[in-house]
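In what follows, a structure is listed as structure tokens, so that the remarks can point back to it.
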């Protein structure tokens, strides 16, 4: 609330500055904020001011003049090597917001002074990826830079050179097994997946087999302990994205992660505002979202035929798949033995959710291998089903309150395709898409309405993958019944919680 109040006062003071007479000289609130960051104060106070700067950059970066942009970037570069990890993290989040704002306004030419700083920012970002307290924020900034560079390659906007990108990526990945991020957080998985994708496009880096380095780091740092109560800031979608990229799978899992927001007045207001944001922008600001047509992608005959119709001849797994399957098997065996003792000791809901996420990630990974024509490790699926069968009956006990039961049962939402969850009940399109009688040429019309066909194709691919998951013969029928029980009760618990 204090942060929102300061942002409101900052906007009001800027507005009042425009209304004042030219003879009255008032203080620029942005310079006051930057001066507060530079003052010798406590690290928590400096982090707070960096948070305010972050939200201001996210909302109003395009209206700032070039000299002030340069001043902000220079100030952030001054604190990028600060001792305190919290200050460094907020600095990298500010860099990510700046890069995202510049990439979103690619039609506006950036200041040459800012353009010269991208290589420096990229170098600092890669060097902080290995820092324990800063790796998550640094990877978020690095991932944003890589996405912006990929987008800028299709336009005249230049962020970092291709040579510098490949050079820093090689230096990071080739020593990943010796020194890497402290944990596979959400941003870490996305950043490494994007880095491996870029490395695979270069012949020399592709021959270095950098995926093996990332696998060694991954199995050493993803430690799943049943009695650890704190949940990790990552989702199954992020982890699977990295594993798919490591193994170079052609068919990917199309999953979405749904987060249950807390029941507060601020959250309800923000959700209601997001539903009508398109109308609000049109009425108040005379702006409409950019229409980006997505052309329909061609799919192979195997992908169109689906799975499970005929017996498929599976190939043998390669070295990377075997290493990851062995890691899952080793971890699941230890996890199941832990939960045989924990189930009688009133474990917390967070402990159960962490273990369920790991077991379901193992099932999803093995199903992805089968989805791509590779033989699965049957022991991994059996041990994952064992962990699920131990944890799920705890939902019937009175140990957890309703919100905790929803947290545990929500782990199984990735196993179903729920149309109600996939559709947003707000305005997703500003204008109705063109139809057959709109007067547009047939060839041009096919390109404009291709996004609808792509959306349907993605849904078909998701259903085909989930069909493969549920057809795993090595997941015991008891485990399948347990999962179905959790899905049904999870919906009931969520409805009770929302009511």
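Every number in this text was worked out from the coordinates using simple rules, so none of it is lab data. If you're wondering where the values come from, they're calculated on a predicted model, not measured in any experiment. As a convention, Cβ positions derive from the backbone with ideal geometry for all residues, glycine included, and neighbour counts pool all protein chains shown.
Structure above, values below:
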read-out: Most to least packed among 200-207, 183-190, 71-78 [average Cβ atoms within 10 Å]; value: 183-190, 71-78, 200-207
read-out: Full-stretch length increase - residue 63, residue 398 - with 0.36 nm per residue and alpha-carbon distance subtracted; value: 115.1 nm
read-out: Alpha-carbon centroid distance for the pair the range 208-222 / the range 319-382, whole angstrom; value: 18
read-out: Cα→Cβ-extended label distance, 7 Å offset, between residue 78 and residue 340, nm; value: 6.1
read-out: Distance between modelled label sites at residue 279 and residue 150, nm, 7 Å Cα→Cβ extension; value: 3.5
read-out: Least to most buried among 257, 336 (fewest other Cβ within 10 Å first); value: 257, 336
read-out: Residue-span extension gain [residue 330 to residue 459] - 0.36 nm each, minus C-alpha spacing; value: 43.1 nm
read-out: Estimated FRET transfer efficiency (residue 55, residue 182; beta-carbon r; R0 35 Å; 0.05); value: 0.80
